[in-house]
């Protein structure tokens, strides 16, 4: 196709634009776009870049607070952590590329999220991943788990940022559409944050980093459509990662920022040079003129369309202080990276692209960004699922067998096979990595540490989007509080199916509403995020998965606790549960799925006031030294949480059980707002609970043995649990 | 005590090593860029972990041919002390300063976890002389190519000359152990004069202060005392 060929609607449709959107482009331009211009419109108006289906609802999320330095809308969110420091973080999906090419898809997901963080002037200090795969025995699962794990490690290990946590789960709804969400957390000086808005008409626009190739062309558009059986043919739209160049770019950019040469900076992520140039210019209320013949390319004969839509990795666009140009060039020379002035900032509010001596594109910026379509898509919620009573789910199944079955399931078994492939220790500030409630990473050179967790329970969201959205926030909150840290803010990654279907749109609306309410009550504003829609294959939608990535702060890292029992003969308390409790919420639990063979049902309700009270109490008592180990109760319920504490600390325990016909529900129910803690002085701790007017009581004692004793009749050796808990994933992946 | 840490563009444990050494000596080591061919005289040169030039080729192969490594080889030829950790060990093998090679882990996967190391009692190194013979150390590893391999005659020479510094050993916490398939469980080796040490585990990640172990500090302190 020739560059100057006039486009028709069929061309726009092939790029994923609707007929209305096509007409809007014609109206805004007052002429027919050429190929390059149409490509730019289709990328900027893609779901991935424009958030056109979700924007209306995202605006309802709480995004402000005294701790928030920068909320959504920049490359990453920024939160104050005191003493002149700030943490910068964001989560982003790379679902579609990772399904097509798991190693490169996952690796470039990590590379992309790291760029989002260091673009803000922050040195990345931690990576986490939220992953969802298909059923364990699906023919593709092993290949995908293996490739994604290797890709995440391949990038993070090489660039030298520790991968400290995350979550993995398996469900048949992900058989044809896996989820790979990568989160990065960085550290910056609060007064040295860098933004993307271009400034100063006439200032040079500099291209730095790797050269541009034909990889990933129109990736943002691919991420905005459903998959089909022909998806394999999209392999060429997956980018290839180069973590070594990523490392060079990171170091060079941080050095350049320290030299105060950068005025504004934006990474070339989704939609590459298109989104970076358009966003920088439009945020600054300015224009930009770029000579595409100056863009460093690694292939010949690249068209304007290809250069603008390439998603080659490890590239940045920046506006620099012209007086600092030589300093800047010297820094990039030292790191052996391309440093190429390719254009200038203008005051025309237009994007003008020159190529081969002519004008390849000349379009006003306003329609690309401000007039981008925003839809109020119709939605119709599915009927809420019924509450399932314990009685309907309990069968004649021994407690011990149920615990073994749960602990050895793909849902709950140890993730060691995965996380040992990640360098979790590089930078030497990791205090707790995978295997606990939240990861803990020291703020280098200080006594502070950040606690970080990613969470979502998709089966809850599917059954009740509002409660499920709130639960994701509540669980992340508990995980942060269980270390002793104070939750500060969240980033979210909303993974859903096709928003043009009313029931899917209802999931999106419900989950955002639930999430928003929880973030408000728990005072954890949303500071950044990402939306991934159209996660469907052949019209089968995924279980909705609105992932929450939460960051908290503890002032003295030495006061933090882990989940493992630490000493013998100490009291184990459950917080958030009355002493006479003899039942539990089994509906939609892991137990119901694995033992009773029943999926679905109303999820456990979320009481945000209780979450707040219990979380704050646990955090405060940890910092005061009253709690020696803490663990939130979530998937698998109380007994699974106990077993995890015992395994982690390598100490047994005696557990008291109630007289009950519904003991299995007591043991494996997934009621929310609960913690297990180990304390030295039971009497004093009970008094503290009473004083705070909180439900909670002692349910057991840690023991100098390798045995978990549950009531008078049941004993389970830790060795037996460990064996099945640790061997599940290695066997699955063998 | 003058220490220099060599920095390649893809080094990623240079800062961690600098922090660890400074904690022990109270003095910040010099960071020397790979393009530098001149180096002030030092007592110990450390080649840190990382991915020197991306290691898309053989690990350490490009780094072994840089100006700063030429300077390091001069230092070693004069009997100077050298420590190479992980990627640094790979580079030392690529220079030929130490015999053998590091191939991909037996299970073909990157592995990051703590391991137990046994100091070999017959080592003849002044760098390790202040440690008790047979000392056991818990230190983390993190590598994809840590599977030590050498020709039979090289292995025989290493054994005869007491050039094997550390072997992976079993422990109650980490179980039976050879994390990467290394020949004879070898985790670290010495040059024939005992003044060049290459090892896969990362002592700079085990210096207490929030790390699960402080055995790395013990080891680094011994090395720093040994070269003094």
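The values are calculated or read from the model by the stated rules, or taken from the named source; none is laboratory data. Given the structure is predicted, the values throughout are model-derived calculations rather than measurements. With ideal geometry, Cβ positions are generated from the backbone for all residues, glycine too; neighbour counts draw on all protein chains shown.
Being modelled with pLDDT under 95 and more than 21 Å from residue A:484 (Cβ to Cβ) narrows it down to one residue among A:635, A:704, A:654; which is it? Answer to the selection: A:704.
Listed here are the residues, each with its yes/no results for (1) over 22 Å from residue A:546 (Cβ atoms); (2) surrounded by fewer than 23 Cβ atoms within 10 Å (Cβ to Cβ); (3) touching a residue at least 24 places away in the same chain (Cβ under 8 Å).
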residue	(1), (2), (3)
A:137	yes, yes, no
A:143	yes, yes, yes
A:151	yes, no, yes
A:160	yes, no, yes
A:165	no, no, yes
A:170	no, yes, yes
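Here's a check for you: in the range A:536-559, which residue that is crowded, with 24+ Cβ neighbours inside 10 Å and out of contact with any helix residue (DSSP H, G or I) (no Cβ under 6 Å at 6 or more places or on another chain) is nearest to the other protein chains (Cβ to nearest Cβ)? Step by step, filter the range A:536-559, then rank; the result is A:557.
Filtering B:108, B:73 for residues that are farther than 15 Å from residue B:201 by Cα, touching a helix residue (DSSP H, G or I) at 6+ places or on another chain (Cβ under 8 Å) and without any contact (Cβ under 8 Å) to a residue 40 or more places away in the chain leaves a single hit, B:73. Determine, yes or no, whether residue A:97 is within 14 Å of chain B (Cβ to nearest Cβ), within 19 Å of the chain's Cα centre (by Cα) and not in a loop (DSSP other than H, G, I, E, B). No, not satisfied.
Of the residues A:403, A:431, A:354, A:440, the single one that is more than 14 Å from every other protein chain (Cβ to nearest Cβ), at pLDDT 95 or above and buried (at least 22 other Cβ atoms within 10 Å of the Cβ) is A:403. Could you grab me the full set of residues in the range A:406-428 that are within 14 Å of chain B (Cβ to nearest Cβ), under 19 Å from residue A:640 (Cβ atoms), assigned to a loop (DSSP other than H, G, I, E, B) and out of contact with any strand residue (DSSP E or B) (no Cβ under 7 Å at 6 or more places or on another chain)? Once the filter is applied, which keeps residues that are within 14 Å of chain B (Cβ to nearest Cβ), under 19 Å from residue A:640 (Cβ atoms), assigned to a loop (DSSP other than H, G, I, E, B) and out of contact with any strand residue (DSSP E or B) (no Cβ under 7 Å at 6 or more places or on another chain), the range A:406-428 yields only A:414. Test residue B:49 against the stated conditions and say whether it is crowded, with 24+ Cβ neighbours inside 10 Å, away from every other protein chain (no Cβ under 14 Å) and in contact with a strand residue (DSSP E or B) (Cβ under 7 Å, 6 or more places away or on another chain). In short, no. Among the residues of the range A:14-64, those that are touching a residue at least 40 places away in the same chain (Cβ under 8 Å) and on the phi > 0 side of the Ramachandran plot comprise A:16, A:51. Scanning the range A:715-734 for residues that are surrounded by fewer than 17 Cβ atoms within 10 Å (Cβ to Cβ) and outside any helix (DSSP H, G or I) yields a count of 3. Against the definition (surrounded by fewer than 21 Cβ atoms within 10 Å (Cβ to Cβ), in contact with a helix residue (DSSP H, G or I) (Cβ under 7 Å, 6 or more places away or on another chain) and under 17 Å from residue A:584 (Cβ atoms)), how does residue A:657 come out, yes or no? Considered against the rule, which asks whether it is surrounded by fewer than 21 Cβ atoms within 10 Å (Cβ to Cβ), in contact with a helix residue (DSSP H, G or I) (Cβ under 7 Å, 6 or more places away or on another chain) and under 17 Å from residue A:584 (Cβ atoms), residue A:657 comes out as yes. Being in contact (Cβ under 8 Å) with a residue 24 or more places away in the chain, touching a helix residue (DSSP H, G or I) at 6+ places or on another chain (Cβ under 6 Å) and within 23 Å of residue B:40 (Cα to Cα): is that true of residue B:68 here? The answer is no for residue B:68.
Across the range A:28-39, not a single residue is classified as surrounded by 20 or more Cβ atoms within 10 Å (Cβ to Cβ) and within 21 Å of the chain's Cα centre (by Cα). Going by what's in this entry, would residue A:464 be described as buried (at least 22 other Cβ atoms within 10 Å of the Cβ), more than 28 Å from residue A:624 (Cβ to Cβ), within 14 Å of chain B (Cβ to nearest Cβ) and modelled with pLDDT of 95 or more? So residue A:464 does not fit the description; no. Yes or no: residue A:193 under 17 Å from the mean Cα position of the chain (by Cα) and at pLDDT 95 or above? For residue A:193, the condition - under 17 Å from the mean Cα position of the chain (by Cα) and at pLDDT 95 or above - is not met.
Within the range A:320-338, track down each residue that is out of contact with any helix residue (DSSP H, G or I) (no Cβ under 8 Å at 6 or more places or on another chain) and outside any helix (DSSP H, G or I). Once the filter is applied, which keeps residues that are out of contact with any helix residue (DSSP H, G or I) (no Cβ under 8 Å at 6 or more places or on another chain) and outside any helix (DSSP H, G or I), the range A:320-338 yields only A:321. When the range B:11-30 is filtered for residues that are touching a helix residue (DSSP H, G or I) at 6+ places or on another chain (Cβ under 8 Å), free of Cβ contacts under 8 Å to residues at least 40 places away in the same chain and buried (at least 16 other Cβ atoms within 10 Å of the Cβ), the ones remaining, listed by number, are B:12, B:29. Of all residues in the range B:52-65, those that are within 12 Å of another protein chain (Cβ to nearest Cβ) and on the phi > 0 side of the Ramachandran plot have Cβ atoms under 8 Å from Cβ atoms of residues that are buried (at least 22 other Cβ atoms within 10 Å of the Cβ) and assigned to a loop (DSSP other than H, G, I, E, B), 6 or more apart or on another chain, in B:54/A:242; B:54/B:10; B:55/B:10. Residue B:35 satisfies every condition listed in (1) under 25 Å from residue B:146 (Cα atoms); (2) facing another protein chain (nearest Cβ under 10 Å) except (1). Restricted to helices (runs of 4 or more DSSP H) entirely inside the range A:563-665, those with at least 3 residues that are touching a strand residue (DSSP E or B) at 6+ places or on another chain (Cβ under 8 Å) are A:608-623, A:637-649.
Considering the conditions (1) within 14 Å of another protein chain (Cβ to nearest Cβ); (2) touching a residue at least 24 places away in the same chain (Cβ under 8 Å); (3) farther than 23 Å from residue A:157 by Cβ, residue B:44 is excluded by exactly one of them, (1).
Between A:513, A:498, the distinction of being in contact (Cβ under 8 Å) with a residue 24 or more places away in the chain, surrounded by fewer than 21 Cβ atoms within 10 Å (Cβ to Cβ) and within 19 Å of the chain's Cα centre (by Cα) belongs to A:513 only. Against the test of being surrounded by 20 or more Cβ atoms within 10 Å (Cβ to Cβ), more than 14 Å from chain A (Cβ to nearest Cβ) and more than 17 Å from residue B:53 (Cβ to Cβ), the options B:92, B:83 yield a single qualifying residue, B:83.
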